[in-house]
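Written out below as structure tokens is the structure these notes cover.
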Amino acid sequence: MAKILFVSDNFLNEGLGIMYLSSYLKENGHEVDLTLLQDFKRFDSLIDYVKESAPDIVGFSVMTPQVEQFRPVSKMIREQTGIPVAWGGAHCMFMHEEIINYDCTDIICIGDGEEAVLEMMNRIEVGEDYSDVKNLIVKTDEGWVKNSMYPPEDNLDKYPFPDRALYYDKYPLMANFAVKRFITTRGCPYKCSYCFEPTYFDMYKGKGKVFRRHSIEYVLEEVERVLEKYPTRRVHFCDDIFNLDKHWVKEFSGRYKKKFDLDWSCNIEITSLDEDIIKAMVDGRCRGGTFGLECGVEETRINMLNKKITNARYVEVTDMLRKHKFNFIMNIMFCLPNESLEGAIESVRFGTSLKPYGIRVSILKMYKGTELANYAIRNGLSEGVGEFTYKAKDIHGDFDKIENMNWAATMFGRFPFCLRFAKALLSKRWARVLSPLQYLNHWEDIQFFDIPLWQSLQYFWSSRDVFIGGMAKGQEDTYRDEDGVVHSAKDVFAKPTGVIDWNAEWKKGDTSAKQENKDQISIN
Ligand code: B12
Ligand code: SF4
């Protein structure tokens with residue numbers, strides 16, 4: 001038996017990836033532990049915890065915004081305990097070469113993790129070298145070794161149900177939370193230029209089927225087991241796109257309804273929806289879904305964001321959704337390269353005309369390695385490069401006004417007549433004082449997901465640092481512009497408040513925080 005300790009940040013980022021790995025490892029005789037940084041105020045106590053847990057590996061599941069927190073923590077753990085640190089998750093697939101340069105990990109997992117982590121733990125158990133395990137990039141005495149990939153596992157049902165007890169036994173607030181998340185697929189066949197999914201797809205190119213799905217039986221049984229064990233008011237499928245594969249979704253909806261007396265929701269996609277499938281989903285107790293509009297200007301959406309959906313199609317499908325009382329929340333991104341204030345207002349105007357239940361706003365982050373970042377560089381639409389992102393060039397000088405959409409888009413969504421004054425409102429210096437209106441989003445979410453008010457307050461209070469800092473906390477990135485001048489990104493991204501600055505804590509004790517020279521990678 002070998003042991004892995006997963007370290008994550010807070011319970012809002014409950015990771016199905018970690019849960020899948022945990023159940024697979026436990027099924028194969030290994031031990032798994034989990035702790036969250038929110039439980040610790042100081043490094044020392046975290047280190048004490050790690051030493052007491054005494055794992056063979058400490059694992060982090062990483063999205064790009066979490067790097068700022070996880071990097072110093074990983075490095076500290078490695079230095080103070082000598083236990084090897086492994087990173088997996090979306091950030092690793094995009095930016096594994098950069099991770100090597102952080103000098104805070106020994107193992108980086110790309111692609112799906114189940115087979116790789118199990119093989120690594122099996123080898124650790126018998127004291128064998130694991131530097132040639134597929135899907136892993138491993139630090140050795142001779143440098144880093146990048147191994148080839150396992151073909152994507154076609155039979156996802158082979159994996160046991162995600163190990164929710166890993167989180168829920170330790171954090172009752174999560175166990176009792178009204179919404180339980182499930183994921184039925186891996187991969188997405190679309191190629192939106194700002195998204196991580198095309199990278200995941202390319203990584204597996206030629207190695208097998210990338211878009212895969214659990215069987216209906218598996219999903220229904222997983223839901224059943226969760227409902228038996230944990231109080232639940234809403235089942236939410238967080239697949240990138242739940243409605244791909246019409247036959248699966250239709251059959252699933254019918255069978256779900258027969259089995260459970262509970263509503264569900266999911267993430268949807270517009271191109272593959274038709275009246276037949278919407279009706280089947282609603283009949284099957286689907287109460288709503290979220291989808292990306294991303295930009296209301298058709299040409300930008302289709303040509304720059306590579307989201308090949310026309311305005312006419314959005315109108316047609318949202319008419320059907322409303323007809324069948326399918327509530328939908330729509331995501332829109334702002335501060336796109338070359339976006340003007342008029343363009344941003346058009347996004348909200350068009351979005352609002354579709355009469356959504358709510359609008360979710362984000363300020364675009366052009367992650368390195370995405371096609372959008374490459375497009376912006378090629379077309380002179382990027383004016384600075386940060387560690388993780390490229391900064392879109394503010395060609396029209398409107399970004400400071402457009403950022404007000406953070407609060408204003410929700411208001412326009414609720415009161416579309418205000419759109420008449422949008423330009424004047426967004427341009428006012430005092431407009432920022434209205435920013436707390438963005439918390440209306442949380443209110444809409446509470447209603448959309450049918451979360452009891454007392455529970456929302458309890459949840460909010462327990463994670464106030466994250467909410468108040470914004471979900472984008474930790475996404476601070478400094479930018480070098482074309483003249484090499486370094487700027488803070490404070491004005492682009494939400495500023496964290498009231499959270500422990502792990503990076504600063506780290507630097508206090510260890511000035512070697514600066515990047516070191518990149519190691520050589522050899523390919524296996
Ligand atoms: C559910 C979800 C969430 C949930 C839960 C997040 C979580 N920790 O899982 C919530 C709602 C909290 C969330 C939040 C955000 N998310 Co999100 N989310 C997803 C989503 C849709 C599914 C994740 C999932 O469960 N996948 C299924 C599991 C099985 O796969 P997995 O997590 O990749 O894990 C496997 C491997 O990666 C590996 N692995 C994972 N961890 C580890 C660890 C070790 C040690 C090893 C060895 C292997 C390993 O093994 C696992 C099993 O095969 C993904 C899209 C996607 N399809 O993955 C986006 C995604 C991960 N999210 C993304 C983003 C951008 C965000 C937000 C920043 C959005 C926002 N603007 O607020 C925030 C992050 C906030 C923050 N500050 O931390 C991006 C990440 C891109 C990036 N560069 O990192 C993704 C990829 C979406 C996208 N298409 O671009 N998200
Ligand atoms: S449809 Fe969604 S998940 Fe798929 S590539 Fe586009 S943004 Fe990414």
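The values are calculated or read from the model by the stated rules, or taken from the named source; none is laboratory data. These numbers come from a predicted model, not from an experiment. FYI the Cβ positions are ideal-geometry reconstructions off the backbone, even for glycines, and counts take in every protein chain you see.
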(request) Enumerate the pairs (first residue in the stretch 351-367 and farther than 23 Å from Ser193 by Cβ and without any contact (Cβ under 8 Å) to a residue 60 or more places away in the chain; second residue anywhere and in a helix (DSSP H, G or I) and within 16 Å of ligand 2 (Cβ to nearest atom)) with beta-carbon separation below 6 Å, excluding pairs fewer than 6 apart on the same chain, so at least 6 apart or on different chains. (result) none
(message) Checking the structure you have, find out if any residue of the stretch 290-302 is on the phi < 0 side of the Ramachandran plot, within 16 Å of ligand 1 (Cβ to nearest atom) and acidic (Asp, Glu).
(response) no
(request) Please state which one of Asp274, Asp263 is surrounded by fewer than 15 Cβ atoms within 10 Å (Cβ to Cβ), over 19 Å from Phe350 (Cα atoms) and over 23 Å from the mean Cα position of the chain (by Cα). (result) Asp274
(request) Filter the strands (runs of 3 or more DSSP E) completely within the stretch 30-102 down to those with at least 1 residues that are small (Gly, Ala, Ser). (result) 57-61, 85-88
(request) Please specify each residue of the stretch 205-249 satisfying the condition of being among the aromatic types (Phe, Trp, Tyr) and part of a loop (DSSP other than H, G, I, E, B). (result) Phe211, Tyr230, Phe242
(message) Residues that are charged (D, E, K, R), in the same structural domain as Tyr459 (by TED's automatic domain parsing) and more than 30 Å from Lys325 (Cβ to Cβ), at least 1 per element: which strands (runs of 3 or more DSSP E) completely within the stretch 350-445 meet that?
(response) 382-385, 389-392
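For (1) in contact with a helix residue (DSSP H, G or I) (Cβ under 7 Å, 6 or more places away or on another chain); (2) more than 16 Å from ligand 2 (Cβ to nearest atom); (3) among the basic types (Lys, Arg); (4) under 18 Å from Ile329 (Cα atoms), each residue gets a yes or a no:
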position: Arg234; (1), (2), (3), (4): no, yes, yes, yes
position: Phe237; (1), (2), (3), (4): no, no, no, yes
position: Asp240; (1), (2), (3), (4): yes, no, no, yes
position: Leu244; (1), (2), (3), (4): no, no, no, no
position: Phe252; (1), (2), (3), (4): yes, yes, no, no
position: Lys259; (1), (2), (3), (4): yes, yes, yes, no
position: Ile278; (1), (2), (3), (4): yes, yes, no, yes
position: Met281; (1), (2), (3), (4): yes, yes, no, yes
position: Gly284; (1), (2), (3), (4): yes, yes, no, no
(message) When you scan the stretch 66-74, do you find a residue that is at pLDDT 90 or above and touching a Lys or Arg at 6+ places or on another chain (Cβ under 6 Å), even just one?
(response) no
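Can you name every residue in the stretch 204-222 that is farther than 30 Å from Thr232 by Cβ, surrounded by 17 or more Cβ atoms within 10 Å (Cβ to Cβ) and more than 14 Å from ligand 2 (Cβ to nearest atom)?
Within the stretch 204-222, just Tyr204 meets the criteria.
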